[in-house]
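Right, one structure below, let's go through it.
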Amino acid sequence: MSTTVTAPEPVVGTGAEISAMATIRRGMQISPELRQGLGVTLLLALVATIGQVVVPITVQKTIDHGLGPQGADIGYMVRMGVLAAVAILATGLASYAMTSRLFTQAERGLATLRIKAFRHVHDLPLLTQNTERRGALVSRVTSDVDQVSQFLVFGGIFAIVSVGQITVATVIMLFYSWQLCLVVWICFAPLFLSLKWFQQRLSDAYGIVRAQVGVMLGAIAEPVVGAAVIRAYAVQDRTQARIDEAIATNQAAATKAQGFTAFSFSLGGLSGGLANAGVIVIGIWLGFAGVLSAGEVIAFAFLVTLFVGPVQMGTQVLTDAQNALAGWRRVIGVLETPAELVDPGADGEVLPRGPIDVEFRDVSFGYPGGPLVLQDIDLHVEAGTRVAVVGETGSGKSTLAKLLTRLMDPTSGSVLLDGVDVRRVANASLRRSVVLVPQEGFLIDETLRANAQWGRAGATDEEILASADELGISDWLDTLPRGLDTRVGQRGEAMSAGERQLVALLRAHLADPDLLVLDEATSAVDPQLEMRMARALEQLMSGRTSVTIAHRLTTAENADEVVVVDHGRIVQRGPHAVLVTRPGPYADLHASWVAQQAH
Amino acid sequence: MSTPTSTLRDGFAVLGVAIRREPLIFTVSTLGSVLFGALTVADAWVLGWATDHAVTPAFRDGHISASILWAVVGLFVGVAILRAVGIVARRLGAGVMQYRLQAHDRRAVTRQYLRLPMEWHQQHPTGELLSNANADVEAAWSPIAPLPMAVGTVVMMVIAIAQMFAADLVLALIGLLVFPIVVLTTVTYQNAASPLMTRAQALRGTLSGIAHESFEGAQVVKTLGREADETERFAAVARELRDVNVRAGRIRAAFDPVIAAVPSLGVLVVLAVGVARVQAGDTAPGDVVTIGYLLTIVAMPIRSIGWLLGEFPRSVVGFRRVTRVLAATGEMQYGGSALPASGAASLAVERVSYAYEPGAPVLTDIDFSLEPGRSVALVGATASGKSTLTTLITRLVDPDAGAIRVDGVDLRDLSAGELARAVAVVPQSAFLFDDTVRGNVTLGADVPDADVWAALRTAQADGFVAALPHGLDTKLGERGTSLSGGQRQRISLARALVRKPRLLVLDDATSAVDPEVEARILEALRDGATTATLVVVAYRKATIALADEVLHLADGRIVDRGPHTALIQRSPAYADLVNAYETQQEDA
């Protein structure tokens, strides 16, 4: 056990290293809907933007001509009034079309992102999944995506309109006076230049916020999931203190990020003040040089407001964008985390139906960064035989089951099913043919029927009841007041650990596998039921290959072959009848088992 | 189903709660917002001042004094700085207020989770409770972000209206029409969008529930090849959420431009009427310009009122869901009695009955007592009510009938925390906290490491804990996912032992431990690792043999009791149950 594997621990990516532009680019690739028809949306945005500039200008012109000292030019006013009305109408229509297109594109794109990320979480290797808090994984497909959505539909509109307005305002300013336009841009230069620095700070701050949300969700889950233990040990105060700390950390992170946002947003206004002063002062100077008239300087001062408004809006959008980008990065981070156990998919081999021949060929396995927990495993299980794997807790039995069902891939060597390396078997075929029944039966918050149907989609009540009958658990089903309609609850509130295992076995029976792997699958049911089920399981196992991890040696007694694992190696193998007579680990295990029964 | 008007009313009520709770921060951020609004108007005034005092004289006279130029710069920059202060106060204030309200509610909701009885927990799905503490709290206080700006806008509107009336009554009245039209349009928008927002919020809750459940069961999803089905289950809700959001978006897309266009159209009308009035000599051109200008200035910020009202439906729904948790009652009542500090405890279960739901009794008329230091084994088939009995003894739930006494005191008369000081339970499924090994064993109690190691040794957990990279300080991760089921059970056992309980309840606490290790644990328990009175739920004879007396449970009743050896001789049902392994051996 001295060999240490130095492979890095596989973790779920945070996307922290992805730049803003790369995030958007990757985001667009993942959600192609965001790009579809973007050109038309941008065109509509341009119309809306021009409209928003035209309206105040026409109003300004109307005032100049209609109320000037020379008296009202009614004809001109009517023309301008009609123009303004048309502009308002066009702006409204364009903005309606743009907004509803943005909503449609953004929501479609994000639904795709959400679904892809959810699927990818399930495609991640078990080890990678276990490195991340469940709450944090949940936040990746819920609140992180919501952040992006909020930004794209609201921020997205303002971003497009702001950039458009800044461009239009710059063009108009250049038309009036390139010198003053230069002045305005110089006044805003520090803002534009410092923006990058701010974006970095904001991006870091919001990255921390998003991560803290995950930690907080984990803390909040404890009083719900651990409700019984917390009460039994009266550790409410301590639990609350831990939650309070997570809430406070989250609050502090959010407040800090908000501080940055507020400060960076205020810079736009400051630059605007400078620009106004600069235009007046330089404008007067240019007037002395005979370049500009007083009227032009005043008109220009009005134009500056057309520039300042969108810049301020743009700065705000950019800061809001950091929060959204932080969320987007985290979702993309999930998708960029390699699904190491690659499904060969359509190119994969399909296992023929019928009992499976199993072979471990020189298999070793170690958790990343840890010592090898299995070493030099060579094991051949002929099709249709029943093998029991026994050994002390921590000997590597369960790891064997996980490699066999490809929850993990070996560090070296290979696992073969019907002579095919499991890594080359199509996932669909593997899951169809190989079923693992774990120790802790996991139930969804649904009816018993829905839970059983996890084993065989669309199984009828008759099929489920027939399976229960074959497993010898119908009388247990009969005791449930609502039968198959009994809701089991996610935490299995309504079910004891033993009952949860019954449901898991029912699933496995319905799944009708060719290789059945049982990992302490009946450890929590009473002995009588366990024995009845053992007989039923024998029925279930006949005509299939089965590997049973057990610490109750009755299973070993009935198996065709017993494999004894100790400290990661196979130390003994053979039929029970032979092993029990020979001095060795199995005889010792069996002796302590018998001693326990003897009372 | 709530009506839009009630949404509006309730939305304001939620704001009222927020303001009453955070009056100071609300005042600061609103003042910031008003300052910002006032200075936005002042900007125009500064421009006018600069025109009159700098630009016009300079062009007229051909020269200008430096002091005037400095005054121009000073005024513009000064106003800009004050306005920046206003922005910071408004935005930071809004954020701080929102986060404080959220944190307050999260603390309150989780306190409720810890306070409310197990029955309440059993009635509410995990996903819903997680959503109450997170998404719903967030939704409830979502209108706080735009609140200061909206209040500032209202102040600006009042000032603008006053100025308009000072300028020209008729034009002001026309201009004034703009405000109610904007507000009415906004309210119409609320009516149209409100049901969709409510639906979207509910869907977000469902979505998060599915994700949570699915990721919790990730291993089973994998081994049964359910990835595609699970994704479909999630995708169906995600797609519905998308469609609801798109529909809400279309409604918003229709209303936004209308709300934006109304002030512009108002300006045009004011101008048309204004010109007529100027020509008729009823008003001065300057007044028309002022009113037109004021309308333009208020046009943009007035939308912030729309943003505020737009958050109402989401907010009201979230607030209601949070309030439902906060208003839940049924908190366990405690008395004032105390228990002796040391020595084994006595236990009396007197004619106890319990049902999770009426009409389906889980335990009926359970009656037994246990002298200090004695032990009893609860033996029965799966689902015979054994675990329920342990939850009653540890007072996770109270019996429907009968009483349970420790040292002669009814559990209901004990003061809070008193029972936990005397009784420790090791449940069937071990629950570990996202904490270190030490934290999981001591649960924050001040226990010397030697005692922790001693408890771990008795639980046969010292070996693997010593091998962990940081020993006792190793973080176990959420629910201890880094450990195997058997390892988690042993940590959970050590947690009970380290407290030196006076009554120890083991609910099939070694089911995931292999026989050799289990034998060593039982040996240690027998050899005086604990002096506690002992209640064990057991299937295996070695564990049953620990007990002085056995209670055989079937269908929630005690069907027989006595020493194991006696029961096995006189009760065939009992013998069948516990001898199952041997019978099997003989058959084989």
What residue, among those in the range A:424-463 that are farther than 29 Å from residue A:483 by Cα and surrounded by fewer than 17 Cβ atoms within 10 Å (Cβ to Cβ), is nearest to the other protein chains (Cβ to nearest Cβ)? A:428
With the checklist (1) at pLDDT 90 or above; (2) buried (at least 23 other Cβ atoms within 10 Å of the Cβ); (3) more than 10 Å from chain A (Cβ to nearest Cβ) in hand, flag the one item residue B:89 doesn't pass. (3)
Inspect all residues belonging to the range B:561-573 and state whether any of them is modelled with pLDDT of 90 or more, buried (at least 23 other Cβ atoms within 10 Å of the Cβ) and either in a strand (DSSP E or B) or among the basic types (Lys, Arg) (or both). no
Take the range A:105-120 and flag every residue that is within 15 Å of residue A:151 (Cα to Cα) and of a type in the set (Gly, Ala, Ser). A:106, A:109, A:111
Does residue A:271 count as in a helix (DSSP H, G or I) and crowded, with 21+ Cβ neighbours inside 10 Å? yes
Residue B:513 vs. criteria assigned by TED's automatic domain parsing to the domain that holds residue B:468, over 28 Å from residue B:348 (Cα atoms) and among the β-branched types (Val, Ile, Thr): yes
Scanning the range A:565-599 for residues that are aliphatic (A, V, I, L, M) and within 12 Å of chain B (Cβ to nearest Cβ), the one farthest from residue B:564 (Cα to Cα) turns out to be A:565
Check off (1) in a loop (DSSP other than H, G, I, E, B); (2) crowded, with 21+ Cβ neighbours inside 10 Å for residue B:419 and give me the number that stays unchecked. (1)
For residue A:259, the lone unmet condition from (1) surrounded by 19 or more Cβ atoms within 10 Å (Cβ to Cβ); (2) under 21 Å from residue A:194 (Cα atoms); (3) at the interface with another protein chain (Cβ under 8 Å from one of its Cβ atoms) is (1)
Residues of the range B:397-425 satisfying the condition of being touching a strand residue (DSSP E or B) at 6+ places or on another chain (Cβ under 8 Å), within 12 Å of chain A (Cβ to nearest Cβ) and of a type outside the set (D, E, K, R): B:397, B:414, B:415, B:419, B:422, B:423, B:424, B:425
I'd like to know if the range A:104-123 contains one or more residues that are in contact with a Gly (Cβ under 6 Å, 6 or more places away or on another chain), at the interface with another protein chain (Cβ under 9 Å from one of its Cβ atoms), within 25 Å of residue A:225 (Cα to Cα) and surrounded by 23 or more Cβ atoms within 10 Å (Cβ to Cβ). no
Within the range A:20-49, considering residues that are in contact (Cβ under 8 Å) with a residue 60 or more places away in the chain and small (Gly, Ala, Ser), the one farthest from residue A:148 (Cα to Cα): A:48
Give A:432, A:386 a once-over and let me know the one that is more than 21 Å from residue A:125 (Cβ to Cβ) and assigned by TED's automatic domain parsing to the domain that holds residue A:499. A:386
Tally of residues being part of a helix (DSSP H, G or I) and surrounded by 22 or more Cβ atoms within 10 Å (Cβ to Cβ) across the range A:130-142: 8
Take the residues in the range A:543-568 that are more than 9 Å from residue A:390 (Cα to Cα) and either without any contact (Cβ under 8 Å) to a residue 24 or more places away in the chain or in contact with a Phe, Trp or Tyr (Cβ under 9 Å, 6 or more places away or on another chain) (or both); name whichever of them is surrounded by the fewest Cβ atoms within 10 Å (Cβ to Cβ). A:557
Please pick out the residue among B:95, B:62 that is touching a helix residue (DSSP H, G or I) at 6+ places or on another chain (Cβ under 8 Å), surrounded by fewer than 16 Cβ atoms within 10 Å (Cβ to Cβ) and within 8 Å of chain A (Cβ to nearest Cβ). B:62
Residues to consider are B:315, B:264, B:304; find the one that is surrounded by 18 or more Cβ atoms within 10 Å (Cβ to Cβ), touching a residue at least 40 places away in the same chain (Cβ under 8 Å) and either within 7 Å of another protein chain (Cβ to nearest Cβ) or under 25 Å from the mean Cα position of the chain (by Cα) (or both). B:315
Just checking: which of the strands (runs of 3 or more DSSP E) contained wholly in the range A:295-410 hold 2 or more residues that are surrounded by fewer than 20 Cβ atoms within 10 Å (Cβ to Cβ)? A:358-366, A:372-381
The correct count of residues that are small (Gly, Ala, Ser) and modelled with pLDDT under 90 in the range A:220-256 is 6
hydroxyl-bearing (Ser, Thr, Tyr) and more than 10 Å from every other protein chain (Cβ to nearest Cβ): which single residue out of A:399, A:385, A:393 fits that description? A:385
What is the number of the single condition among (1) modelled with pLDDT under 90; (2) part of a helix (DSSP H, G or I); (3) more than 16 Å from residue B:30 (Cβ to Cβ) that residue B:63 does not meet? (2)
Which helices (runs of 4 or more DSSP H) sit wholly inside the range B:146-255 and have at least 3 residues that are in contact (Cβ under 8 Å) with a residue 24 or more places away in the chain and under 23 Å from the mean Cα position of the chain (by Cα)? B:169-216
Name the pairs: first residue in the range B:69-97 and in contact (Cβ under 8 Å) with a residue 60 or more places away in the chain, second residue not in a helix (DSSP H, G or I), Cβ to Cβ under 8 Å, at least 6 apart or on different chains? B:94/B:145; B:94/B:146; B:97/B:22
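The values are calculated or read from the model by the stated rules, or taken from the named source; none is laboratory data. These figures come from a predicted structure and were not determined experimentally. Using ideal geometry, Cβ is built from the backbone for each residue, glycine included, and neighbour counts are taken over all protein chains shown.
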